[in-house]
Amino acid sequence: MKNTYENPLNSRYASKEMQQLFSPDMKFKTWRKLWVALAEAEKELGLDITDEQIKELKNFQNDINYDVAAKREAEVRHDVMAHVYAYGEQCPKAKPIIHLGATSCYVGDNTDIIIMTDALKLIKQKVINVMKLLADFAMKYKDLPTLGFTHFQPAQLTTVGKRACLWLQDLLLDLEDLEFQIKKMKLLGSKGTTGTQASFLELFDGDHKKVKQIDKLIAKKMGFDSVFPVSGQTYSRKLDSQVLNILSGVAQSAYKFGNDIRLLQHLKEIEEPFEKKQIGSSAMAYKRNPMRTERICALARYVIVDALNPAITASTQWFERTLDDSANKRISIPEAFLAVDAILNIYINVVDGLVVYPKVIEQHINRELPFMATENIMMNAVKKGGDRQELHERIRIHSIEAAKQVKVEGKENDLIKRIAADKMFNLTLEEINEILDPKNFIGRAPEQVEEFITEYIHPILKENEDLIGVMVELRV
C-alpha cells in the first residue's frame, strides 16, 4: 500500500480519458506545441527564425526530458523557465528563440484554455450518452402510470417515462450551456506582461499590424478561431467561473436524478443496477443500498461547492494579475472536471441498468387512487341522477373512514367498496373499477413524452450520433 495521500478522483472515480487530459504530460506537451506555434508565427511575420530551428523544436515536441526540467526547477523555482531550459538543451539551435517575447502565461493560460475546451467536449459526449439512454427509457415507459409526488406526498398520476423526461430536460438545459461555452472558448494569445503586447511591438519594430496578426496565427495553429481581444497578463478568470458554473449545472441535474432514484428505490418501484456478488451492507446481508446514486449525489455536492472557488478568484484578482489564483486553480478546475466525469460515468451506468417493478408501482397506485378518483366517481353518479352536494358529503365521510382503516388499523383502502355499497351513488363495483383505470388519470403524459423526445431530443441525438456509444467502467 502507498503511504501518501492519493486523490480518489484518480484512484476510484474519473475515467482515464479525463485523467489524461489534466495530466502533467498533457500540460507540458501542450506548452511545447505553443512554443512551436509561437516560433512559426514569428517566422511567418518576418523574424529571423529558420526552418531548421522549427524542425528541431518539432522533433522534440513530444519527447520531454523531465529529469532535466525537474532538476532545473529545483534550482530556479520557476516551472516555465525550467521547461524552457530543458527544451533548449534538446534543441541547441532553436534555444535562442524558444519563448521569444512571451511570458509564463503564454504557455500556462493558453494550455489551461486548450485543456478545458477538450474536457468540455468530453463532458458533452457523456451528457449526450446519458440523454440517449434516458430517451430510450422514457419511450419504453411512456405509458406506465405511476404515482406523482409533490412534497413527496402522493399527487396526481404521471408515467414513469414522463418523469424520466424531467431528468432529461435538465440535461438538455446543460447541453445548451455546454455547446454555447465550447463555441465561445478563445485563447489568451500572446499579450505580454500586462496585456499591452509591448515586447512584441518591440520585436516587430513598432509594426502594430504584425503584432495583431501573431495572435490570430497562434490561435489558428492551436485550433481556435479567436483570442481574447484584451487582457491583463492572464485571461480573465471570469472564464474559469463560467466553465465551473456549467459543470455545477450538470452536477445539479445529476443530483436531482440521483435523489429521485434513491427515493424510488426506497419505495421499491425502481432500482439502480445491483450485481450478483455486490454487497449492500456489511451488517445486513439482505440490503440493496443505492450506492451508485448516492455516489452521484456525493460527488455532485462537491462540484457545486467547488464552483465557488473560481467565482471568488475572479472577483479578487488585482489589476493586471496576481498569483493567488494559481494554487487554487491547479486544484479546483481539474477536480471539478474529474468529478463531473465520474458523475456522468455513474449516471450512464445506472440508467443503462435501471430495474422497474410495475407490480409494486401498481400496488402504490391502487392504495392512493381511490381518494384521487372521487371527483370522477361523483361526476358519474351525478349523471345517473345523484345530487352533487349530497354525494360530496357522502364521499367526505367515506374517505375519512377509509383513511382511518389505512392509517390507524393498518388495513387496505376500502373506499371503493364503501362507495359501491352506498345506494346513493347508484354505481356498481364494475362501473367504479372502469373509472379507476389508472390510464384515465395520466393526462397527456404519454403524448408529452413522445412529443418531447421526437421534437427536441431525437434531432440532438441525430446531430451528435458520432458521440453515442461511450463505454464506461466503474472501478468500485
| field | Partners for residue 126 among lysines (Cα-Cα distance below 16 Å; same-chain residues under 8 apart left out) | value | 16, 462
| query | Which value in Å does the Kirkwood hydrodynamic radius of segment 292-402 take, with 1/r averaged over all unlike C-alpha pairs and then inverted? | reply | 19.8
| note | Rg/Rh over Cα atoms for the chain, Kirkwood Rh, comes to 1.16
| In deg cm²/dmol, rounded to 500, what helix-only [θ] at 222 nm does the chain give when every DSSP H run of at least 4 residues adds -39500 (n - 2.57) and the total is split over its residues? | -20000 deg cm²/dmol
| query | How compact and how long is segment 374-435, expressed as Rg and Dmax of its alpha-carbon atoms in Å? | reply | 11.5, 35
| query | All other residues with a Cβ under 14 Å from the Cβ of residue 24 taken together, and with Lys, Arg as +1 and Asp, Glu as -1, what is their net charge? | reply | -1
| note | residue 29 and residue 312 label points (each 7 Å along its Cα→Cβ direction) are spaced in nm at 3.5
| task | Between beta-carbons, use under 14 Å as the cut-off and find the net charge around residue 120, counting Lys and Arg +1, Asp and Glu -1. | result | -3
| remark: Neighbours of residue 64 by Cβ distance under 9 Å: Lys/Arg at +1, Asp/Glu at -1, summed charge 0
| field | Kyte-Doolittle mean at least -0.5 and Cα axial length at least 24 Å: DSSP H helices in the chain | value | 104-140, 160-183, 238-267, 326-352
| field | Pairwise label distance in nanometres, residue 387 with residue 43, each label 7 Å out on the Cα-Cβ vector | value | 10.1
| said: Report the rotationally averaged projected area of segment 416-455 based on its alpha-carbon convex hull, in square nanometres. | reply: 3.2
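Mind listing which GluC sites (Glu not before Pro) in segment 382-451 are in a DSSP loop and have 12 or fewer other Cβ atoms within 10 Å?
Details: sites: 390, 393, 401, 409, 412, 430, 431, 434, 447, 450, 451; in loops: 409, 412.
Of the GluC sites (Glu not before Pro), the ones in loops of segment 382-451 whose Cβ has at most 12 other Cβ atoms within 10 Å are 409, 412.
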| task | Compute the longest continuous run of the chain that contains no exposed chymotrypsin sites (Phe, Trp or Tyr not before Pro); treat a site as exposed when its DSSP state is not H, G, I, E or B and it has at most 11 other Cβ atoms within 10 Å. | result | 320-476
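Which value in Å is the Kirkwood Rh of segment 83-157 over different Cα pairs? Walk me through the intermediate numbers first.
Details: mean 1/r = 0.0558 Å⁻¹.
It works out to 17.9 Å.
Every number in this text was worked out from the coordinates using simple rules, so none of it is lab data. Note that the structure is predicted; figures quoted are calculated from it, not measured. With ideal geometry, Cβ positions are generated from the backbone for all residues, glycine too; neighbour counts draw on all protein chains shown.
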